[in-house]
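Okay, structure first, notes after.
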Amino acid sequence: MSMEGEPKPIEQQPELKNLREYLGLKEGDIERVSLLKAKDLPGQYQAQRESLHDEKLDGITIAVIPDDLWIKGSQPSESIAENQLILIKQSYFEAQENPDEIAWLCHELAHCQNFLDSESPEAYQSNMQKFAFEDLKTEYTYPNNPVEQFAFTKQFQYLKEQGKSREEVLTMLGKYYHEEDFPFFNKLLDSVYGK
Ligand SMILES: [Zn+2]
């Protein structure tokens, strides 16, 4: 792993130990994961962090996962907010052309922020089990829950500030979500872009 200074044994790095278990990695494979702090993100990602205006996020750990160890399929990022950890697929993170155009990093950082500002870890967890909009109830509370509502709203606000139109945001989301999720996204986009 690339970290500054002398690498500590994995047992002294709880975030790595969790990560190894989470990804089901073999002993040697964890060494291929690069870790960095949010405040040290490369320049092209700094605007996403800064858009959240929160110094608490500086210490969030970003784990860049080699593609062959990635377990989340076509989803390029994930946050484990309770561990203050964000996972991102290496090829996605290092893309040269329009890196992270849809601002998933902002979304994941917003999850970490939401967790840090929650009354308790339980409160954050229970918000994932609630519907954000009762009138859009389906079988599942994903993504229609207050936790995703918070993260997507921050993400859409950032994209709007970057000059992305509502239509452009919808097109980008279409790569990752199904038709039935769009009433939820449209409600959030109404709040960010106006009806
Ligand atoms: Zn999310």
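Simple rule: put +1 on each Lys or Arg Cβ and -1 on each Asp or Glu Cβ in the chain, find the dipole, and look at Gly43, Gly59, Pro183; the Cα lying farthest toward the positive end is Pro183. The modelled label-to-label distance between Tyr176 and Tyr140, using points 7 Å beyond Cα along the C-beta direction, is 1.4 nm.
Given +1 at the Cβ of Lys and Arg, -1 at the Cβ of Asp and Glu and no other charges, the dipole of the range 118-195 around its Cα centre is 300 debye to the nearest 20. Of Gln129, Gln75, Gln96, which has the largest mean-square fluctuation in a 10 Å C-alpha GNM of the chain? Of the options given, Gln96 has the highest mean-square fluctuation.
Simple rule: put +1 on each Lys or Arg Cβ and -1 on each Asp or Glu Cβ in the chain, find the dipole, and look at Val147, Tyr92, Trp70; the Cα lying farthest toward the positive end is Val147. Here the range 1-98 is treated with +1 on each Lys and Arg Cβ and -1 on each Asp and Glu Cβ, and its dipole about the Cα centre works out to around 120 debye.
Of the beta bridges in the chain, as assigned by DSSP with both residues counted there, near 60 percent are antiparallel. Paramagnetic label reach from Glu31 (point 7 Å along Cα→Cβ; backbone nitrogen cut-off under 20 Å): within the range 70-88, residues 70.
Exposure proxy for Asp68, Asp190: other Cβ atoms within 10 Å of each Cβ, ordered fewest to most, give Asp68, Asp190.
Each Lys and Arg Cβ is given +1 and each Asp and Glu Cβ -1; about its Cα centre, the chain then shows a dipole of about 220 debye. Legend: ranking of residues Glu21, Glu168 from fewest to most surrounding C-beta atoms inside 10 Å; resulting order Glu21, Glu168. Calculated mean residue ellipticity, 222 nm, the chain: -12000 deg cm²/dmol, from DSSP H runs (n ≥ 4) at -39500 (n - 2.57) each, averaged per residue and rounded to 500. The distance from the alpha carbon centre of the range 143-186 to that of the range 88-140 is 11 Å, rounded to a whole number. With R₀ fixed at 25 Å, the C-beta to C-beta distance from Lys39 to Lys72 puts the FRET efficiency at about 0.50.
Cross-link pairs exceeding 24 Å between alpha carbons, from the set Lys164/Lys187; Lys37/Lys72; Lys17/Lys89; Lys26/Lys154: Lys26/Lys154.
Rule-based calculations on the coordinates, nothing more; no lab input. None of the values given here were measured: they were computed from a predicted structure. Heads up, the Cβs are rebuilt from the backbone with ideal geometry, glycines too, and the neighbour counts pull from every protein chain shown.
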